[in-house]
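Q: Sharing a structure below in structure tokens format, with a few things to ask.
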Amino acid sequence: MKMLAVAMAVAQEAGAYLMRNRSNIGRAVAKGDQFNVVTEADIGAERLILDGLHRAFPNHSTIAEESGVKLHPESPYTWVVDPLDGTSNYAAGLPWYGVLIALMRDATPELGVMYLPESSELFVAERGRGAFLNGQRIRVTEETELSNVLWAYGMDAPDELHEQRDGRLLFDVLRSVRNLRTTNSLVDSALTCTGKIGGMLNRNTRLWDIAAPSLVVQESGGLYTTITGDLLSFDLTETAHDKEYAVLAGAPALHRQVAKLVRKHL
């Protein structure tokens, strides 16, 4: 499939660019608050990806973290791009970062690519065809007991109105699982779809953080939903940059147990 081949190629090209530029990325600059930062590498990698996609598919729409929304209403296809998921990790010299690319047909993910350049791990999924890591089929864990698994939990600082509620939820999940971990959307999803952890919960994501991971996790046998277990509805309009998503992903039996915990608090 040409679209998957192009997505894989530009993801790996962008990953190579990120690794080459680690020593001269400059200072990470906050975007709005300290939880969201951008570096010159984000912008350069995004330009590289979009140039490759536009050359191959000039009539497709694109939604990218740094450059925004560019719609072609005549096409049902939209590329969703996060050129550097884990910018703060990258800027700190940590290896937990990578590239996320998804192709949406209307509002449904049709293919997803997740690339971790430091470990050369390329995750790919096509709807209905399974998920693969470097060509090998992957599956979520078969474990059904929360107390036997690690769980990833990601969130920004809550506002004063919700901090007690969010704190109670955090500790309820912590008491239910073996322990908590947190990295970023890409790495948490990679650990989930390979069965290394039971799943992930993230209170603060955007479209580009979850479009590709949602399909990869689903095609590895997991569930990827809203934080309360409902179906996700993706916004591919001009307002796509403004919408936040609270998401929950994991092996089905584990996912349902955490969704029940969440509903108790929300």
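Q: What list of ³J(HN,Hα) couplings, whole Hz, do you get for the range 176-189 from phi and the Karplus terms 6.51, -1.76, 1.60, once you set θ to phi - 60° and write x for glycine and proline?
A: 8, 10, 5, 5, 9, 9, 8, 9, 6, 4, 5, 5, 4, 5
Q: Moving on. Have a look at the DSSP beta bridges in the chain and tell me what percent are antiparallel, nearest 5.
A: 80 percent
Q: If you average the sequence gap of Cα pairs under 8 Å that are 6 or more apart and divide by the length of the chain, what percent do you get for the contact order?
A: 17 percent
Q: Next up: Assuming R0 = 41 Å, what is the FRET efficiency of THR144 and GLU40, from their Cβ-Cβ distance, to the nearest 0.05?
A: According to the calculation, E is roughly 0.35.
Q: Under the 0.36 nm per residue contour assumption, what length would be gained going from the current alpha-carbon distance of LEU232 and SER23 to full extension?
A: Gain on stretching LEU232 to SER23: 71.4 nm.
Q: In addition: For a test of the definition: using alpha carbon positions, the gyration tensor, and the 1.5 limit on a/c, classify the range 146-263 as rounded, prolate or oblate.
A: Since a/c reaches 1.5 but b/c is at least a/b, the shape of the range 146-263 is classed as oblate.
Q: State, to one decimal in nm, how far the label point of GLN164 lies from the label point of ARG129, with both points 7 Å from Cα in the Cβ direction.
A: About 5.2 nm, to one decimal.
Q: Moving to a separate point now. What net charge do the residues around HIS265 carry, taking every other residue with its C-beta under 11 Å from that of HIS265, with Lys and Arg at +1 and Asp and Glu at -1?
A: Counting the neighbours of HIS265, the net charge comes to +3.
Q: For the range 1-137, what class follows from the C-alpha gyration tensor (a ≥ b ≥ c being the square roots of its eigenvalues): rounded when a/c is under 1.5, otherwise prolate if a/b is larger than b/c, else oblate?
A: oblate
Q: Quick one: longest stretch of the chain between exposed loop trypsin sites (Lys or Arg not before Pro), exposed meaning at most 16 other C-beta atoms within 10 Å and loop per DSSP?
A: The longest such stretch corresponds to 28-126.
Q: Follow-up. Say the dipole of the range 1-137 comes from +1 at the beta carbon of Lys and Arg and -1 at that of Asp and Glu; which of LEU111, GLY15, ALA5 then lies farthest toward its positive end?
A: Looking along the dipole axis, the top candidate is ALA5.
Q: Same structure again: Counting Lys and Arg as +1 and Asp and Glu as -1, each charge on the Cβ, what is the dipole of the range 146-263 about the Cα centre in debye, to the nearest 20?
A: Charge dipole of the range 146-263: 700 debye, to the nearest 20.
Q: Okay, next question. When all alpha-carbon pairs of the chain are counted, what percent fall beyond 28 Å?
A: 31 percent
Q: Still on this structure, please answer the following. Counting pairs of alpha carbon atoms under 8 Å apart in space and at least six apart in sequence, what relative contact order in percent does the range 146-263 give?
A: 29 percent
Q: So how do LEU261, LEU174 line up by other beta-carbon neighbours within 10 Å, fewest first?
A: So the ranking, lowest neighbour count to highest, is LEU174, LEU261.
Q: Could you check the spin-label model distance between MET155 and ASP242? Points 7 Å from the Cα along Cα→Cβ, value in nm.
A: 2.6 nm
Q: In addition: Multiplying the sequence separation of LYS260 and ASP51 by 0.36 nm and subtracting their Cα-Cα distance, what value in nm do you get?
A: Full extension from LYS260 to ASP51 adds 70.9 nm.
Q: Taking only Cα atoms, what is the 0 to 90° angle, nearest 10, from helix 40-56's long axis to the longest principal axis of the chain?
A: For helix 40-56, the angle is close to 60 degrees.
Q: A follow-up question, please. Would you pull out the residues with amide H under 5 Å of GLY195's amide H, same chain only if 5 or more places away, H placed 1.01 Å from N?
A: Those lying under 5 Å, H to H, from GLY195 are THR141.
Q: Here's a follow-up. Express as a percent, rounded to the nearest 5, the fraction of DSSP beta bridges in the range 123-266 (both residues included) that run antiparallel.
A: The answer is about 65 percent antiparallel.
Q: To continue, here is another question. Given the pairs LYS196/LYS260; LYS2/LYS243; LYS196/LYS243, which span a C-alpha to C-alpha distance of over 27 angstrom in this model?
A: With Cα atoms farther than 27 Å apart: LYS2/LYS243; LYS196/LYS243.
All of the numbers you see were taken from the coordinates with simple rules; none came from a lab. Because the structure is predicted, anything quoted here is derived from the model rather than measured. Reconstructed Cβ throughout: ideal geometry from the backbone, glycine too, with neighbour counts over all protein chains shown.
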